[in-house]
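Quick notes on the structure that follows.
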Amino acid sequence: MEKHSLTINSHIILIGYMGCGKSSVAKYIANFADLKHIDLDEYIVNKESRSISDIFNLSGELEFRKIERAYLIELLNSREKLILSLGGGTPCYYDNINLILNSTKNVCFINTPNNVLSKRLFKEKSKRPLLNSIDSENKMLEYVSKHLFERMPFYNKACFKINSKEKNISEISREILKMISL
Ligand code: S3P
């Protein structure tokens with residue numbers, strides 16, 4: 001892969017539903033453009049020394065959302081400009097979406113169809129505490145359709161939106177790189 005060293009003036013932030021490819025796209029862009037990538041979930045796991053599932057199961061979702069917000073703020077305040085992949089729920093709690101939008105013009109929503117997400121998520125549901133009790137692909141589609149509909153108003157506040165249907169990670173990443181302001 002040919003690399004291009006990019007200097008950015010503000011963070012690039014990827015948002016979207018679980019399974020839309022935020023982390024993979026962010027990794028690709030970081031590698032391609034020589035930027036530092038931080039995935040909020042991974043950051044939380046490292047800082048808290050426990051898995052996201054353990055935080056949900058032992059402390060509850062509310063506690064997870066508080067922790068998630070605290071680390072979001074820490075990362076948004078980082079002097080070094082980063083490419084950040086957030087959790088699917090991060091923009092949808094408290095006033096997180098405003099903090100995100102106030103920190104940069106480069107907020108991108110990766111929009112992926114319900115049926116693509118639900119197929120992907122059914123295979124990987126054990127990693128995700130909100131989904132791991134869903135026991136059929138049909139129920140997953142039902143859950144994802146409703147949940148994504150509720151979250152859409154938050155995701156739609158992003159500065160730009162990429163429809164990821166039938167695009168691979170490299171195509172999505174290149175599209176984002178064309179849209180961002182340096
Ligand atoms: C969540 C998404 C997850 C993780 C947690 C809750 C959500 O991140 O933060 O399981 O509420 O959508 P990914 O979007 O990276 O799976």
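If only residues of the stretch 113-127 that are within 13 Å of the ligand (Cβ to nearest atom) and surrounded by 18 or more Cβ atoms within 10 Å (Cβ to Cβ) are counted, the one that is nearest to K161 (Cα to Cα) is L117. Filtered by the rule that a residue be loosely packed, with under 14 Cβ neighbours inside 10 Å and either within 15 Å of P113 (Cβ to Cβ) or more than 17 Å from the chain's Cα centre (by Cα) (or both), the stretch 153-167 gives N163, K165, E166. The condition of being among the small types (G, A, S), in contact with a strand residue (DSSP E or B) (Cβ under 6 Å, 6 or more places away or on another chain) and not in a loop (DSSP other than H, G, I, E, B) does not hold for A70.
Could you look through the stretch 88-115, keep only residues that are in a helix (DSSP H, G or I) and either aromatic (F, W, Y) or touching a Lys or Arg at 6+ places or on another chain (Cβ under 7 Å) (or both), and pick out the one that is farthest from A70 (Cα to Cα)?
Restricting to residues being in a helix (DSSP H, G or I) and either aromatic (F, W, Y) or touching a Lys or Arg at 6+ places or on another chain (Cβ under 7 Å) (or both), the top hit is L101.
May I ask you to verify whether F149 is at pLDDT 95 or above, in a helix (DSSP H, G or I) and more than 28 Å from F32 (Cβ to Cβ)? Yes; evaluated as a whole, the condition is true for this residue.
Pairing residues of the stretch 29-47 that are modelled with pLDDT of 95 or more with residues that are within 11 Å of the ligand (Cβ to nearest atom) and assigned to a strand (DSSP E or B), at Cβ distances under 6 Å and at least 6 apart in sequence or on separate chains, gives D39/S85.
The values are calculated or read from the model by the stated rules, or taken from the named source; none is laboratory data. Remember, predicted model here, so these are calculated numbers, not experimental data. Neighbour counts run over all protein chains shown; Cβ positions are idealised from the backbone, glycine included.
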